[in-house]
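Okay, structure first, notes after.
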Amino acid sequence: MRINRYIASCGITSRRKADELIREGNVSVNGQKITEPGLEVDETKDIVEVSGVVITLGEEKVYYALHKPIGYISAVSDNRGRKTVVELIDTPHRLYPVGRLDYMSEGLLLLTNDGEFTNRMIHPRYHIEKTYLVCVSGKEPKNIKDLFQRGIRIDGYKTKPADIVLLDRKGEILTYRITLFEGRNRQIRKMFQSLNMKVLSLKRISIGKLQLGDLKEGSYRRLTEQELAYFKTRLK
C-alpha cells in the first residue's frame, strides 16, 4: 500500500495532507525518515510513525455532524491560538474536519478520522452540493439569479453555476438560500463582494441530503448508518 494511502486509512488525515506530512519530514518507516509519498509499505510488517507516534490500521472509523459556531477555525490546530472545531467534540479518536467553514461562518460541518472518506468528499470529482442561508446588505442587481447561474468571476476564475433564492427583504438587508456545487475558499463572501454587497451572516444548513436541522450551535452527533450509506453511495 502506498504510504500516503496507509496514513489516510489509519485515520490520521487525507492523502493530500499525508503527502505534506511526508515532504515535511514528519513520517518515518522502520525508524527511517522518508520524503517520498509514493513509497510502498507492508501494513503487516512495516512500522510507520507520524510525528513520532506509531500508527496502525483497524481503528474504528467515526463520523460526526457538528453545528460549528462562529469564532472556531475548521482545523485540527491553529498557530494563532484560535479555537478549533475538534475541541468541541468529546472523543478519544483523532478527528479532522471534512472541508471547512470560515472563521466567521456557522453551520453544518462533518468531522471524521476516515482519511479516505475525507479525500473523496473534498475531491472535485465527487463534490456534493451544499446549501447556505446568507444575509447580506447592499443593492441587489436585478439579474442576480442569472449572475449566479452563469458564474461570477472571482480570484481569476469563474464560479460554477449556483442556485440562489431570495427569502426575505428588509430595505437593503436581504436573506438568500444559496446552493453551491463546488467548494472554494470564502466563495460566497467573494461572490457578493464582487457585486458590491456585504455578507452579514452565513450559515450552512445542508450537505447533500444531510440537514443541520435542530442541532444546536456547538452541538454534535454521530451520523446514522443510513446517512453514512448515502454519502458512500454518492462517493462511488
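Things worth noting here:
- Residue tally, condition surrounded by fewer than 17 Cβ atoms within 10 Å (Cβ to Cβ) and either touching a helix residue (DSSP H, G or I) at 6+ places or on another chain (Cβ under 6 Å) or on the phi < 0 side of the Ramachandran plot (or both), over the range 51-68: 7
- From the options Leu109, Leu95, Leu88, residue that is among the hydrophobic types (A, V, I, L, M, F, W, C), touching a Lys or Arg at 6+ places or on another chain (Cβ under 6 Å) and either in contact (Cβ under 8 Å) with a residue 24 or more places away in the chain or under 29 Å from Arg186 (Cα atoms) (or both): Leu109
- Test: residue in the range 210-230 that is touching a residue at least 60 places away in the same chain (Cβ under 8 Å), open to solvent by less than 60 Å² (accessible area, probe 1.4 Å) and polar (S, T, N, Q): yes
- Residue list for the range 181-203, restricted to those being open to solvent by 10 Å² or more (accessible area, probe 1.4 Å) and either among the β-branched types (Val, Ile, Thr) or assigned to a strand (DSSP E or B) (or both): Lys198, Val199, Leu200, Ser201, Leu202, Lys203
- Per-region count, the range 108-153, residues of a type in the set (Phe, Trp, Tyr), modelled with pLDDT of 95 or more and within 25 Å of Val86 (Cβ to Cβ): 1
- No other residue among Val98, Val48 is farther than 24 Å from Phe231 by Cα, surrounded by 17 or more Cβ atoms within 10 Å (Cβ to Cβ) and among the β-branched types (Val, Ile, Thr) apart from Val48.
- All positions within the range 155-179 that are under 21 Å from Gly99 (Cα atoms), part of a strand (DSSP E or B) and either open to solvent by 10 Å² or more (accessible area, probe 1.4 Å) or free of Cβ contacts under 8 Å to residues at least 24 places away in the same chain (or both): Tyr157, Lys158, Asp163, Arg177, Thr179
- All positions within the range 18-62 that are hydroxyl-bearing (Ser, Thr, Tyr), touching a residue at least 12 places away in the same chain (Cβ under 8 Å) and not in a strand (DSSP E or B): Thr35, Ser51, Thr56
The values are calculated or read from the model by the stated rules, or taken from the named source; none is laboratory data. Bear in mind the structure is a predicted one, so any value in this text is a computation, not a measurement. Note that we place each Cβ from the backbone using ideal geometry, even for glycine, and neighbour counts take in every protein chain shown. Note: areas computed on protein heavy atoms with side chains; ligands, DNA, RNA excluded. Shrake-Rupley method; radii C 1.70, N 1.55, O 1.52, S 1.80 Å.
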